[in-house]
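Bear in mind that the values in this text are calculations on the coordinates, not laboratory data. On a predicted model such as this, the values are computed, not experimentally measured, just so you know. Virtual Cβ from ideal backbone geometry, glycine too; neighbours counted across all protein chains shown.
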Amino acid sequence: MTINTAIYDWTGPHGLPRFETIDSADYAAAFEIALKDDRAQLDAIAEQDEATTFDNTITRLELSGEMLSRTASLFFNLIGANSDDTLRGLERDIAPKLSQHMSQTAANAALFARIDTLWQQRDTLELTVEQKRVLERHWKGFVRGGAALAEAEQSRLADINARLAELGASFSQNILADEADWSLIIDDEAELAGLPESLRQSMSKAASELGEHGKHAVTLSRSIIEPFLTYSDRRELREQAFAAWQARGENDGPTDNRDNVREIVALRQEKAQLLGYASFADFKLEDQMAKTPAAVNELLETVWSRAVATAAREQSELEALAAETGHNHAIEPWDWRYFAEKLRAKKYDLDAAQLKPYFALDAVINAAFDVANRLFNISFDERADISTYHQDVRVFEVRNADGSHRALFLADYFARASKRSGAWMSALQGQHALGEGRSPIIFNIMNFAKPPEGEAALLSSDDARTLFHEFGHALHGIMSDVTYPSVAGTAVARDFVELPSQLYEHWLTTPEVLAKHARHVETEEAIPQDLLDKLIAAQKFNAGFATVEFTASALVDMAFHAAHAEPVQDVVAFERETLDRIGMPSAIAMRHRTPHFAHVFSGDGYSAGYYSYMWSEVLDADAFAAFEEAGDVFDPDTSQKLRDHIYTVGGSVDAEDAYLAFRGKMPSAHAMMDRRGLDAA
């Protein structure tokens, strides 16, 4: 067997892979050898003759499996960001194999016995706080992986996990296929009515990429579909585009995800019961800050009542505006963004298209870097000399205050057919200090519309906020300063992981940052004070809509993963029944409908966990208030606490303890709801 060792032997600058030497067809053989290598290392740890110690068991586990972890991280980053038929075909094959490999590990009785010995002796081992956390993570990981089950139950759990991995891969690929296969080609100038020039240019480029030169295309990239729904004067086209956006994964064809979801929900429930939990939600929440489904639902339902009341007021305002302008129809989901933009322009004399020239992509990137420099004293130098997996990817070297290397940051900003929709952060390599140590290699992936050659990419204020959000995640990985790999960076409770990202968004709209970086792309003039004032005044506008579309998705997620008297058979009917029960406004749609809810069904990362964005928002509203109370959004003492207790510690301390060390108290949801601008219920 011929193995391309470049997949896991990374010899590029600062430890990057040499992407140009790797072909998609190379991964199958690399996975085969890497899985064998990892199994041999784990068996060697389990079968050693020496008495069990933290170093010969836990430390060795922390350092094992680098060949497999590198192969997998490189492969799955490409699956999301630059996939092709070969990679997608292998994903369907490798996902269940990786799951079976993990199940085999959990069933390794000798290995678990060593970890369990340390766990039972943990109070006498004189471990550091971080070592206790690492030991707990390994012990709980094995138990939750089925190590304490009987052999027959372990076998069934392994089968469930393998099937879930297969279903998750299929779910993701179906969404990608639906997004790539649909477009609305426009060749009549009249059908572009209302669209700003920047959006027309993006649609023209999208059409050209589809072979429709001289025309315009609406695609299902969020950077095109959302502004089209916001600005298009052609209601029938908005309805057509919205229907396609909502129908991803629900099409009665080979990419239909409804059966996938039905089986995923049933298997997750069976898995939870095998492990002794009442529901999959109980299983998932046990090691999160929220702890229980009841705590999650209490937060969501409290916010829901205020969000629905706010949205009802907003809808009345939209209906009045529609009537004033001769539109005598009910507000439907494909109308809301359109009339909301008209209302925002009327109430605040603010046209979102006016803002775009002040939010050029490079300016927003520089703003994000500047905030990081002022908070954490790190700098970013672009490295055009380093090649990656696609020509659009930019590489930045991150340096400490003394000029020493800290991390590599890879940024992939533009939409393309080979990339799944959305925006995310991931790590090609996490930080740790064991042995030779590793410096972080961190990704941000976006899907902004790519401008015509030679023109600047202009972002909406929402796009700019997304960039700041994902860069906050990136900083969580970049700033990591721990000893053990398993607790580095974003390896924290799911309902805590959004705190660094959502908190970082606050700096985008501070007067200090906008005055410095929000400059016109052509004239370089600073954003006018009156426009700046309008932008800040309008921040709470449409809060009911935004909160309802998110919270509805979170409540549906929790409903799917609660205990059920009978298995869910018709997942769309179940979604509809849940929305009816909570009183979903007919004029607003879920942010993520079930057949394309990738957060929840393409893997179990955010399953019974989509609420975590809101849980973290309760924290981030309170955390930014610490800077406001200090009278300086870059207050050095508060910045140091933020660095020491939130961004650098990863999962080496309990999330609640970390927050208390930073803030001194836990917050309530009321500050978050007030900051959002939700009406009192």
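Some notes on this structure:
- Amide H contacts under 5 Å for ARG406, placed H, 5+ residues apart: VAL398, ARG399, ASN400
- Inter-centroid distance (Cα atoms) of the range 64-129 relative to the range 531-607, Å: 31 Å
- Neighbour-count ranking [beta-carbon atoms within 10 angstrom, fewest first] of ASP385, ASP259, ASP654: ASP385, ASP259, ASP654
- Each of ALA113, THR86, GLY141 was placed along the dipole of the range 60-141 (beta-carbon charges, centred on the mean Cα), and the one lying farthest toward the positive end is ALA113.
- The range 357-540, relative contact order [Cα under 8 Å, separation at least 6], %: 23 percent
- Euclidean distance between Cα centres, the range 345-395 to the range 433-489, Å: 12 Å
- Considering only alpha-carbon pairs that sit under 8 angstrom and 6 or more positions apart, the relative contact order computed for the chain is 16 percent.
- With a cut-off of 14 Å between beta carbons, the residues surrounding ALA353 carry a summed charge of -2, where Lys and Arg count +1 and Asp and Glu -1.
- The range 357-540 shape via C-alpha gyration tensor axes, a/c threshold 1.5: prolate
- Using Cβ point charges alone (K and R +1, D and E -1), the dipole size of the range 49-181 about the Cα centre works out to roughly 280 debye.
- Legend: ranking of residues THR638, THR510, THR117 from fewest to most surrounding C-beta atoms inside 10 Å; resulting order THR117, THR510, THR638.
- Footprinting exposure proxy ranking of GLU166, GLU263, fewest other C-beta atoms within 10 angstrom first, gives GLU263, GLU166.
- Charge context of ALA34, other residues only, Cβ under 14 angstrom, K/R +1, D/E -1: -2
- Full extension of the chain between ASP349 and SER316 gives 9.9 nm of extra length, using 0.36 nm per residue less the Cα-Cα distance.
- Under-5 Å amide H pairs with LEU275, H placed in peptide plane, nonlocal only: none
- Using θ = phi - 60° and Karplus 6.51 cos²θ - 1.76 cosθ + 1.60, couplings along the range 599-605 (whole Hz; Gly, Pro as x): 3, 9, 10, 7, x, 9, x
- Whole-Hz Karplus values for the range 61-73 come out as 4, 4, 8, 7, x, 5, 4, 5, 5, 5, 4, 5, 5 Hz, taken residue by residue from phi with 6.51 cos²θ - 1.76 cosθ + 1.60 and θ = phi - 60°; glycine and proline positions read x.
- For the range 614-681, chymotrypsin sites (Phe, Trp or Tyr not before Pro) are listed when DSSP marks them as loop and at most 16 other Cβ atoms sit within 10 Å of their Cβ; the list is PHE634.
- Cα centroid separation - the range 239-307 against the range 186-221, whole Å: 35 Å
- Computed over the range 327-448: relative contact order in percent, which uses C-alpha pairs under 8 Å that are six or more apart: 15 percent
- Residues within the reach of a label modelled at ASP462 (point 7 angstrom out along Cα to beta-carbon, backbone nitrogen below 13 Å), restricted to the range 568-593, are 589-592.
- The chain - mean residue ellipticity at 222 nm from DSSP helices (-39,500 (n - 2.57) per run, n ≥ 4, rounded to 500): -17500 deg cm²/dmol
- Extension gain, ALA294 back to ASP381 (0.36 nm per residue minus Cα-Cα distance, nm): 26.7 nm
- Net charge over other residues, Cβ less than 9 angstrom from the Cβ of ALA417 (K, R count +1; D, E count -1): 0
- Simple Cβ-charge dipole of the chain, Lys/Arg +1 and Asp/Glu -1, about Cα centre, in debye nearest 20: 520 debye
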